[in-house]
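**Student:** One structure follows; several queries about it will come next.
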Amino acid sequence: MNDSEIFDSLECPGGAKSPCSGRGSCADGMEGNGSCSCQEGFGGTACETCADDNLFGPSCSAVCSCVHGVCNSGTGGDGTCECYSAYTGPNCDQPIPECAALLCPENSRCSPSNEDGTKLECKCLPNYKGDGKYCEPINPCLQDICHLHAHCTYLGPNRHSCTCKEGYRGDGQVCLPVDPCQTNFGNCPTKSTVCKYDGPGQVKELLMDNEAAQYFVKLHIIAGQMNTECMSNIDTFYTLTGKSGEIFNGDKDNQLKLKLYGGKKKVKIIEGNIIASNGLLHILDRAMDKMAPTFKSNTEQTIMTMLQPRYSTFRSLLEETNVGHALDEDGVGGPYTIFVPSNEALNNMKDGTLDYLLSPEGSRKLLELIRYHIVPFTQLEVATLVSTPHIRSMANQIIQFNTTNNGQLLANGVAMEEIEVAAKNGRIYTLTGVLVPPSIVPVLPRRCDETKREIKLALFTHKCVYTGRIRSLKSGCARYCNVTVKCVDGLGGNGTCVCQDGFQGSQCQFCSDPNKYGPQCDKKCLCVDGTCDNRIDSDGACLLGTCREGSAGRFCHRQTSACGPYVQFCHIHATCEYSNGTASCVCKAGYEGDGSLCSEMDPCAGSTLGGCSHNAECIRTGTGTHTCVCQQGWTGDGRDCSEINNCLLPLAGGCHDNATCLYVGPGQNECECKKGFRGNGIDCEPISSCLEQTGKCHPLATCEFTSGVWSCVCGEGYEGDGLLCYGNAAVELSFLSAAAIFNQWLNNASLQPMLSAASNLTVLVPSQQAIENMDQEEKAFWLSKSNIPALVRYHTLLGTYGVADLQALSSSDMLATSLQGNFLHLEKADGNITIEGASIVDGDNAATNGVIHIINKQYNLASAIEAADAYTVFAPNNDAIENYVREKKVTTLEEDILKYHVVLEEKLLKNDLHNGMHRETMLGFSYLVSFFLHDDQLYVNEAPINYTNVATDKGVIHGLGKVLEIQKNRCDNNDTTILRVSYIQSQ
C-alpha cells in the first residue's frame with residue numbers, strides 16, 4: 001500500500017503553479033499543514049494582497065500620498081488619489097472655495113467636472129454610487145467578491161467581511177477544504193482503519209447530528225442475509241431506510257460495486273461474506289453517498305402534523321373517522337406505529353371503493369380499514385420489524401411482515417417506502433399500497449370478484465468460509481461460523497469455554513436439547529427410532545448402534561422385516577399391506593410419503609393453514625391432527641370465523657341500559673351515555689339537575705336552588721313548570737309570529753292593558769293570510785283607530801275554550817264575545833269545527849288568563865282553478881289528510897297547503913311525468929314540486945302517486961298517499977345573518 005492510498009494530498013494556497021502567489025513559502029510535505037508564510041509587505045492566505053492598505057505596487061513597496069482623498073492601493077494599484085469634495089490636486093491637498101455654493105447633499109461632495117475641469121459639480125463620496133444628487137452606499141457583497149466557498153457580510157459603505165464556510169479554512173478571499181484526516185488521523189483507529197477524506201467537513205457534520213448519523217448508517221444496512229453470490233444475480237437492493245440502489249457486476253475489474261439511486265459514487269466490495277451471529281458483513285472501499293431522507297423525522301411534531309401535505313388523503317381519512325384526534329396529541333393508546341398509504345395508492349384503489357368507504361353505508365368499513373393501519377402502545381423500530389413475523393393492529397387483526405431477497409420490506413405483501421420516520425408520538429412507515437383487513441373483504445357490497453394472491457418466502461443456504469492462520473480460505477461451519485462459545489482467555493483466563501444458552505460440552509459442540517442439531521441448535525433431529533446425534537456439525541442422523549428393536553438405517557427409519565417377496569423394507573412409520581396379492585408399504589395415519597420414507601404431517605403448514613380461517617390460528621394437537629381456534633374478537637368453528645360485534649350480543653358490550661354501544665372492531669366496542677345521562681358508559685346516571693343539563697329550562701325560566709334541589713322556575717309574571725313558561729294573553733301575543741299583525745293592532749289601539757288585566761278569555765287571532773284576504777275598503781274601515789277596539793273585542797270570547805272544549809259543544813251553541821251583544825256561531829262538520837266560517841289552524845296557545853287560537857277563514861280555490869286554461873291537481877286521499885291533521889294538530893288543511901297541490905296552465909298526464917322534473921305551484925315560482933322514480937314507484941316530493949289520470953274537461957287529478965308539506969326551493973329574500981364563531985386550536 002503506497003502513501004497515496006493512505007493520505008490525500010492538497011494544493012498550497014495559490015495553486016500548484018504559483019504557491020503562495022510567488023510571494024511566500026508554503027508549509028507542504030507530509031508534515032506540513034499547507035499554510036503560507038508571506039514575504040515582508042505582503043499578506044492574505046495566498047500572499048495575494050499588501051499587508052497595509054496604504055501600500056501599492058507589485059512589490060507593495062510604494063506609499064500612498066493622498067491627504068484628503070482615497071488612494072488606489074494594493075498589488076494592482078497605481079497610487080492615484082480620488083479627492084474628497086472641496087479638494088483637488090494630485091495629492092488632494094488644494095481647497096476649492098466655490099464648492100460652498102453648490103450645496104451638495106449628504107454622501108456627495110463638490111468636485112471638478114470630468115468633462116470640463118473648469119466647472120464644479122456634486123459627485124458621490126468614495127464608497128458611494130449615484131449621480132451626485134442622490135448617492136447610495138456600495139455593497140461589495142452584491143458583486144461575488146468573496147471566494148466561492150465563503151460567506152460575505154456587509155459591514156458598511158464599500159466594506160465587507162469574507163468568512164470561509166464550515167468545512168473550509170482561509171481568509172475568505174481564498175478558502176481551502178478542511179481534511180479531517182490530516183488532524184489526529186480523523187479520530188480513526190490508526191492500526192485497524194484507513195481515514196478516507198470524502199469531502200469538506202463531512203465527518204464532523206455526521207458526528208454533530210445524531211439523527212443524520214443514524215440515517216447514514218441505515219443507508220449501509222440491508223434487511224436479510226444477502227451474500228455476494230446473491231448480489232451477483234440481482235441488480236437492485238433496498239436499505240433499511242427504504243431507499244434502493246443499483247448493483248454492478250459487469251465492470252472490467254470483475255468486482256461487485258454498489259450505488260444508491262440518486263447518488264454519484266460507486267463503492268466497491270473489497271471483502272465480503274464475513275459471517276456474524278446475526279447476519280453478514282461486507283467491507284467497502286469507501287462510504288456510500290450521504291443522502292437526505294425525502295420524509296424527514298421530526299420529534300417535535302405529532303403524526304397528524306407530519307402527514308400534511310404529502311400524505312393528505314390518508315390524513316383526511318383519519319379525520320373523517322375521528323381517529324386523527326388521538327394521533328394529534330399524546331392521548332390514550334400512544335405511542336403509535338402507523339402504516340401510511342401514499343395518496344397515489346389510495347387513489348388507485350378499485351373504482352368506487354374509496355367513494356363507498358366515504359359514504360354513510362361504508363363508514364364502518366372505513367373505520368376498520370384505518371384502525372388496521374395503526375399499532376397502538378408501541379414505537380416499532382425497523383430492526384425489530386425485520387425479525388418480527390407479524391403484529392396485531394388496533395383493529396385486532398394481524399399484519400404480516402416479510403423481506404424479499406433484495407432486502408425490500410413488505411407488510412401484507414405491500415412494499416414500504418419511507419421507513420421508521422420518527423414523530424413526537426410514534427413512528428411512521430409509508431406504503432405503496434393499502435392494507436385491507438380480512439374482516440371487510442369484499443369492501444364493495446354484493447361483489448365477490450377479488451383475486452387472491454399469495455407470496456411465499458423462499459429460503460436459501462450458503463457455504464460458510466473462514467480464514468485460516470496462513471490466510472487461506474477454509475470451509476466448514478461447525479466451529480467458526482457460529483458464535484456458540486466464549487473462551488476464558490488472557491493472562492487471567494484458564495482456557496475453558498463458557499457455552500451460550502442452547503449449547504453444551506467442553507467445546508460447546510453439543511446441543512442442550514437431545515432432539516436438536518445444527519450450527520444454531522435450531523433443527524429438529526431426523527432420527528426416527530433411535531438416539532439423535534445432537535452435535536452442531538451433525539446431519540440429524542441417529543448415533544450408531546442406537547436403533548431400537550425392529551428398526552434399522554442411519555435414521556433408524558426402516559423396519560428390519562421385509563415386506564413382500566421383493567424384500568422391500570418399510571419405513572418405521574409405515575405398515576406392510578397386501579392388495580390383490582401385491583405387497584406395498586403404506587405410511588401410517590398422521591404421516592405422509594411413499595412408505596419407504598414417511599415424515600410426520602404438519603397440517604398447519606402450507607398456504608391452506610390446515611383449512612383454518614385467515615382469522616384463526618392452526619394448533620397441532622398430535623401426530624397429523626390439529627384444531628382451528630378463532631382469534632380474539634372472532635367467533636366460529638375455526639374453519640369459518642366471523643367478527644364479534646359486542647353491541648349485538650345480549651349484554652350489549654357491557655354498556656348500561658341508558659348508554660349506546662358503539663362498534664369499533666372485532667370484539668371491541670365503546671359505551672357512551674345517552675343524552676340526559678352521564679357516566680363512563682358502563683355506569684350511567686340521569687342528569688336531573690337543570691344546572692348540569694343545558695337547555696332543560698324554558699327561555700323564560702331560570703335554574704334556581706329551591707327546597708334543596710336545583711329546578712327550573714318561571715320568571716315573575718309567568719306561569720308554568722319551568723320546562724314551559726307562559727305569560728298573559730298580551731305577552732303571549734307578542735311572542736307568536738303568526739299574530740304579528742294582530743299584535744300591531746293592539747299596539748295601535750293601546751289595548752294590551754285590557755288583555756293583560758282580563759281573566760278567563762279566548763282570543764281568536766286571524767292569520768296573516770286571512771288579513772291579506774280582507775277587502776281593501778273593509779280593511780281600511782275596521783283598522784281605523786276608532787274601530788280597531790271593536791274589531792279586537794269581536795275576536796275575544798268570554799270564557800276559556802280550548803280546542804277540546806269547542807269539540808264538546810254542539811253546533812247550535814253561540815259563543816259570546818267581549819263586544820257586548822255580539823255572538824259567534826259555532827259549526828261542526830265531519831269532526832271539524834269552524835267559528836263563523838273560520839277554522840283553527842294553530843290552537844291551544846296557553847296564557848295565564850286564557851287561551852289563544854290562530855284562525856283562517858276557508859278560501860274557495862275552485863273558482864281560481866277553473867279560471868285557468870289547464871290545471872293538474874295532486875289530491876291526498878282521506879287517510880292522508882286525517883294523518884296530517886292528527887300529526888300537525890290542526891282541524892283542516894290551510895289555504896297555502898291546498899295551493900301547493902295545484903299546478904296551473906298544464907294538464908300533466910301520467911306519461912308527462914318523468915324522473916327529475918320540476919313544476920311551479922299556485923304558490924309561485926319559489927315553490928316547486930319535484931318528481932322522481934324509486935323502485936318503479938312515481939313520487940311527487942316525498943308522496944307516492946297512488947292513482948293517475950282522473951280527467952276533467954280542462955285538467956287532471958292524481959291521487960296521493962301523503963299530504964305535501966311546503967318546501968321553498970329558492971332563496972328570494974335577501975337576509976344576512978352574521979355568526980360569531982370561536983374555536984380552540986389544540987397545541
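**Student:** Size of the dipole of region 206-284 about the Cα centre, Lys and Arg at +1 and Asp and Glu at -1 on the beta carbon, nothing else charged, in debye to 20? Intermediate values should be presented prior to the final figure.
**Tutor:** Values: 9 positive and 8 negative charges, 47 e Å.
Once rounded to the nearest 20, the dipole reads 220 debye.
**Student:** Next question. Which is the longest part of the chain that has none of the chymotrypsin sites (Phe, Trp or Tyr not before Pro) sitting in a DSSP loop with at most 16 other Cβ atoms within 10 Å? Write out the running numbers ahead of the final one.
**Tutor:** Details: sites that count: Phe7, Tyr134, Tyr261, Phe377, Phe460, Tyr480, Tyr566, Tyr859, Tyr983.
It runs 567-858.
**Student:** Expressed in nm to one decimal, what extension gain is obtained for the pair Leu609 and Lys129 from 0.36 nm per residue of sequence separation less their Cα-Cα distance? Walk me through the intermediate numbers first.
**Tutor:** Details: separation 480, 0.36 × 480 = 172.80 nm, distance 8.56 nm.
In short, 164.2 nm is gained.
**Student:** Which trypsin sites (Lys or Arg not before Pro) from region 51-154 combine a DSSP loop assignment with at most 12 other Cβ atoms within 10 Å?
**Tutor:** On the way: sites: Arg109, Lys119, Lys123, Lys129, Lys133; in loops: Lys119, Lys133.
When the trypsin sites (Lys or Arg not before Pro) of region 51-154 are filtered for loop state and at most 12 Cβ neighbours within 10 Å, Lys119, Lys133 remain.
**Student:** How far, in nm, would the chain grow between Tyr578 and Glu905 when pulled straight, counting 0.36 nm per residue and subtracting the alpha carbon separation? Please list the in-between numbers first.
**Tutor:** Values: separation 327, 0.36 × 327 = 117.72 nm, distance 9.84 nm.
My answer for the length gained is 107.9 nm.
**Student:** Given a cut-off of under 8 Å on Cα pairs at least six residues apart, what relative contact order in percent is computed for region 20-142?
**Tutor:** That works out to 13 percent.
**Student:** Here is a follow-up. As an exercise, use a Förster radius of 41 Å and the Cβ-Cβ distance of Gln39 and Ser113 to find the FRET efficiency, rounded to the nearest 0.05.
**Tutor:** In this case the efficiency is close to 0.45.
**Student:** Something else about it: With a sphere of radius 14 Å drawn around the Cβ of Val713, what net charge do the other residues whose Cβ falls strictly inside it have (Lys, Arg +1; Asp, Glu -1)?
**Tutor:** Details: positive: Lys696; negative: Glu704, Glu716, Glu719, Asp721.
Local net charge: -3.
**Student:** Given charges of +1 on the Cβ of Lys and Arg and -1 on the Cβ of Asp and Glu, with all other atoms neutral, how large is the dipole of the chain about its Cα centre, in debye to the nearest 20? List each step's numbers first, then the result.
**Tutor:** Working: 76 positive and 113 negative charges, 727 e Å.
The calculation lands at about 3500 debye.
**Student:** With labels modelled as points extended 7 Å from the Cα through the Cβ direction, what inter-label distance (nm, one decimal) is found for Asp640 paired with Tyr794?
**Tutor:** 8.0
**Student:** Moving to a separate point now. Summing Lys, Arg as +1 and Asp, Glu as -1, what charge do residues with Cβ under 15 Å from the Cβ of Ala652 carry, Ala652 excluded? Spell out each step's value before the answer.
**Tutor:** On the way: positive: Lys674; negative: Asp657, Glu670, Glu672, Asp683.
Here the count lands on -3.
**Student:** Kindly provide the helix-only [θ] at 222 nm of the chain, computed as the sum of -39,500 (n - 2.57) over DSSP H runs of four or more divided by all residues, to the nearest 500 deg cm²/dmol? Intermediate values should be presented prior to the final figure.
**Tutor:** On the way: 20 runs with 133 residues, N = 987.
Dividing the helical sum by the residues of the chain leaves -3500 deg cm²/dmol.
**Student:** Determine, from the Cβ-Cβ distance of Leu103 and Ser65 and an R0 of 41 Å, the FRET efficiency 1/(1 + (r/R0)^6), rounded to the nearest 0.05.
**Tutor:** 0.85
**Student:** Do any of Lys218/Lys290; Lys296/Lys424; Lys264/Lys290; Lys675/Lys696; Lys888/Lys910; Lys17/Lys266 go past 22 Å between their Cα atoms, and which? Intermediate results must be reported in sequence, preceding the final value.
**Tutor:** Working: Lys218/Lys290 11 Å; Lys296/Lys424 13 Å; Lys264/Lys290 10 Å; Lys675/Lys696 12 Å; Lys888/Lys910 30 Å; Lys17/Lys266 32 Å.
From the list (Lys218/Lys290; Lys296/Lys424; Lys264/Lys290; Lys675/Lys696; Lys888/Lys910; Lys17/Lys266), the Cα-Cα distance tops 22 Å for Lys888/Lys910; Lys17/Lys266.
**Student:** Moving on. Quick one: what do you get for the chain if you divide its Cα Rg by 2.2 N^0.38 Å? Each step should come with its number before you reach the end.
**Tutor:** Values: Rg = 48.8 Å, N = 987, 2.2 N^0.38 = 30.2 Å.
Normalised Rg, Cα atoms only: 1.62.
**Student:** Set the Förster distance to 35 Å, then compute FRET efficiency between Ser359 and Asp657 from the Cβ-Cβ distance, nearest 0.05. Provide the component values of the computation, followed by the final result.
**Tutor:** On the way: r = 32 Å, r/R0 = 0.90.
The formula returns an efficiency of 0.65 here.
**Student:** Right, something else. Given the Cα-Cα distance of Lys265 and Thr384 and 0.36 nm per residue of separation, how much length would full extension add, in nm?
**Tutor:** Values: separation 119, 0.36 × 119 = 42.84 nm, distance 3.01 nm.
That works out to 39.8 nm of additional length.
**Student:** Calculate, in whole percent, how much of the Cα-Cα pair population of region 353-440 lies beyond 23 Å. Intermediate values should be presented prior to the final figure.
**Tutor:** Numbers: 959 of 3828 pairs.
More than 23 Å apart: 25 percent of the Cα pairs in region 353-440.
**Student:** With labels modelled as points extended 7 Å from the Cα through the Cβ direction, what inter-label distance (nm, one decimal) is found for Leu543 paired with Asp209?
**Tutor:** Calculated label separation equals 6.1 nm.
**Student:** Further question: I need to check one value: relative contact order of the chain, counting alpha carbon pairs closer than 8 Å and at least 6 residues apart, in percent. Intermediate results must be reported in sequence, preceding the final value.
**Tutor:** On the way: 1865 pairs, mean separation 32.9, N = 987.
That works out to 3 percent.
**Student:** Further, regarding this structure: Using label points projected 7 Å from each Cα along Cα→Cβ, tell me how many nm separate Ala870 and Asn343, to one decimal.
**Tutor:** 5.3
**Student:** Find which of Pro341, Asn883, Val792 sits farthest along the positive direction of the dipole of the chain, computed with +1 on the beta-carbon of Lys and Arg, -1 on that of Asp and Glu, about the Cα centre.
**Tutor:** Pro341
Laboratory data are not the source of any read-out in this text; all were calculated from the coordinates shown. This is a predicted model, so every value here is computed, not measured. All Cβ positions, glycine included, derive from the backbone under ideal geometry; neighbour counts span all protein chains shown.
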